[in-house]
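Participant: Quick one: the structure is below, questions incoming.
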Amino acid sequence: MYAVVRSGGKQYRVSPGGSVRVEKLAGEVGSKVTLDEVLMIGGEGDVKIGTPTVDGASVSGTITAQGRGDKIRVFKMKRRKGYRRTQGHRQDYTEILVDGISG
């Protein structure tokens, strides 16, 4: 069984026992979290597709880590003008261990 959930403006395919990194969510490591925006549930025969979400469906999980991703560098340059700018960015994330899918 698997589900497609929306979190932080992105869509993720999750399955029980699997782990997924989503945009930062509030909560401490070890606390429970519920993702309510389930767009699709599939697996075992029939597929439920939401319009836009599946009614009554949710994905429950446990927060296993709160961290920051790798640094990316944003470099801008205009040739022959002496214009150069460098900026770095690290995105915060929350890692979730999926416990179950209901709905």
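Participant: Between residue 51 and residue 87, what is the label-to-label distance in nm when each label sits 7 Å out along the Cα-to-Cβ direction?
Facilitator: 4.2
Participant: Still on this model: Sorted by packing (mean other beta-carbon atoms within 10 Å per residue), highest first, where do 27-38, 56-67 land?
Facilitator: Details: 27-38: 13.8, 56-67: 16.6.
Listed from highest to lowest mean packing, they are 56-67, 27-38.
Participant: Additional query: Compute the separation of the alpha-carbon centres of segment 51-94 and segment 1-47 and state it in Å as a whole number.
Facilitator: 18
Participant: Can you work out D for the chain in µm² s⁻¹ from Stokes-Einstein, where Rh is the Kirkwood radius over C-alpha pairs, the temperature is 20 °C and the viscosity is 1.002 mPa s? Don't skip to the end; give the middle numbers.
Facilitator: Working: Rh = 15.5 Å.
The Stokes-Einstein estimate is 138 µm²/s.
Participant: I need the Debye-formula profile for segment 1-57: one equal scatterer per C-alpha, no solvent, reported as log10 I(q)/I(0) at q = 0.14, 0.25, 0.30 1/Å, two decimals.
Facilitator: -0.40, -1.13, -1.38
Participant: Among 66, 18, 54, whose Cα lies farthest out toward the positive end of the dipole of the chain, if unit charges sit on the beta carbon of Lys, Arg (+1) and Asp, Glu (-1)?
Facilitator: 66
Participant: In debye to the nearest 20, how big a dipole does the chain give about its Cα centre with +1 on each Lys and Arg Cβ and -1 on each Asp and Glu Cβ?
Facilitator: On the way: 18 positive and 11 negative charges, 350 e Å.
In debye, rounded to 20, the chain gives about 1680.
Participant: Show which aspartates and glutamates lie in cross-link reach of residue 48 when reach means a straight Cα distance below 17 angstrom and same-chain residues fewer than eight apart are skipped.
Facilitator: 36, 37
Participant: What full-extension length gain, to one decimal in nm, is calculated for residue 25 and residue 97 as 0.36 nm per residue of separation minus the Cα-Cα distance? Please report the intermediate quantities before stating the final value.
Facilitator: Values: separation 72, 0.36 × 72 = 25.92 nm, distance 1.35 nm.
Result for the pair: 24.6 nm of gain on full extension.
Participant: So what's segment 59-98 giving for Rg/Rh, alpha carbon basis, Kirkwood Rh from the mean inverse pair distance?
Facilitator: So for segment 59-98, dividing Rg by the Kirkwood Rh gives 1.36.
Participant: I've got another one for you. Considering the dipole of the chain built from charges on the beta carbon (Lys and Arg +1, Asp and Glu -1) around the Cα centre, which of 103, 31, 86 is farthest to its positive end?
Facilitator: Farthest towards the positive pole: 86.
Participant: Relative contact order for segment 8-88: what is it in percent, counting Cα pairs under 8 Å that are at least 6 residues apart? Can you show the working numbers first?
Facilitator: Numbers: 86 pairs, mean separation 18.6, N = 81.
Once normalised by length, the contact order is 23 percent.
Bear in mind these aren't lab numbers, they're just calculated from the coordinates by the rules spelled out. Predicted, not measured: the structure shown is a model, and the values here were computed from it. As a convention, Cβ positions derive from the backbone with ideal geometry for all residues, glycine included, and neighbour counts pool all protein chains shown.
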